[in-house]
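To start, the structure under review is shown below, and the notes come after it.
The values are calculated or read from the model by the stated rules, or taken from the named source; none is laboratory data. Source: prediction; values computed, not measured. For neighbour counting, all protein chains shown are included, and Cβ atoms are generated from backbone atoms with ideal geometry for every residue, glycine included. The area values use the complete protein model at the heavy-atom level, side chains included, leaving out ligands, DNA and RNA. Shrake-Rupley method; radii C 1.70, N 1.55, O 1.52, S 1.80 Å.
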Amino acid sequence: MLKLLDKNKVPLYGLRAYKDLCIERVLELDDRTLSFSVPYRNVRGYVYNVRSVLELEGYIETREDRYVVKEIRKSTDGMAKVVAQLDMESLEGKVFRVFKSEEQPIGKALQLVFAGTGWTVGVCSVTKKRTLSMSNVSALEVLKQALKTYRCEIKVHSKTQVIDVYGQIGEDRGAYFSSQLNLRKLDVQSTSYDFYTEIE
């Protein structure tokens, strides 16, 4: 069951009538995207329009995480496709004109970054010391740079606002992909989403 919250994180009710639930995870920042389809005529309490309940910038909670609704697409077949991102808004909202952490382990550096955001550092198994120096950045950008500088990985618990830091989360299990074994077809995907025009 998914739990719906309004823009102020006040619980509304549980959502049971959904299908095609999918959670995609990006290893780099442990970022997750939640997507599912919901019939917009069968949402309890709101008969005609799913937007009146599942509004943009509203929240959805699963058992483990909290997500922010970023996209709602209604279609003519009576279904609405909902896409939500992991809730890390308070880290995106805190900005630093200058951030500097000299020769400290990542746990202490992240405590400086998270001050005032509600986020904390949970388990931290990385003890090496490094220096971070950045200007005009958000707390989320400092976190991304810290992961590159310290060469570590994190687990994000968005419901409790805790980040665990590890040297390496995954392990080598000896698996590999080969075009000769049990592979029925290969797909090549091309996109142009990341192109832009810069005028100087």
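For the condition of a type outside the set (Asp, Glu), modelled with pLDDT of 70 or more and either within 29 Å of ASP65 (Cβ to Cβ) or in contact with a Ser or Thr (Cβ under 6 Å, 6 or more places away or on another chain) (or both), GLN145 qualifies. The condition of being in contact with an Asp or Glu (Cβ under 9 Å, 6 or more places away or on another chain), in a helix (DSSP H, G or I) and modelled with pLDDT of 90 or more holds for only one of LEU110, LEU140, that being LEU140.
Give me the residue from the stretch 118-148 that is within 22 Å of the chain's Cα centre (by Cα) and free of Cβ contacts under 8 Å to residues at least 40 places away in the same chain and, out of that set, surrounded by the fewest Cβ atoms within 10 Å (Cβ to Cβ). Here the answer is LYS148. Taking the residues in the stretch 149-173 that are at pLDDT 90 or above and among the acidic types (Asp, Glu) as candidates, determine which candidate is least open to solvent (accessible area, probe 1.4 Å). So, considering only residues that are at pLDDT 90 or above and among the acidic types (Asp, Glu), the one least open to solvent (accessible area, probe 1.4 Å) is ASP164.
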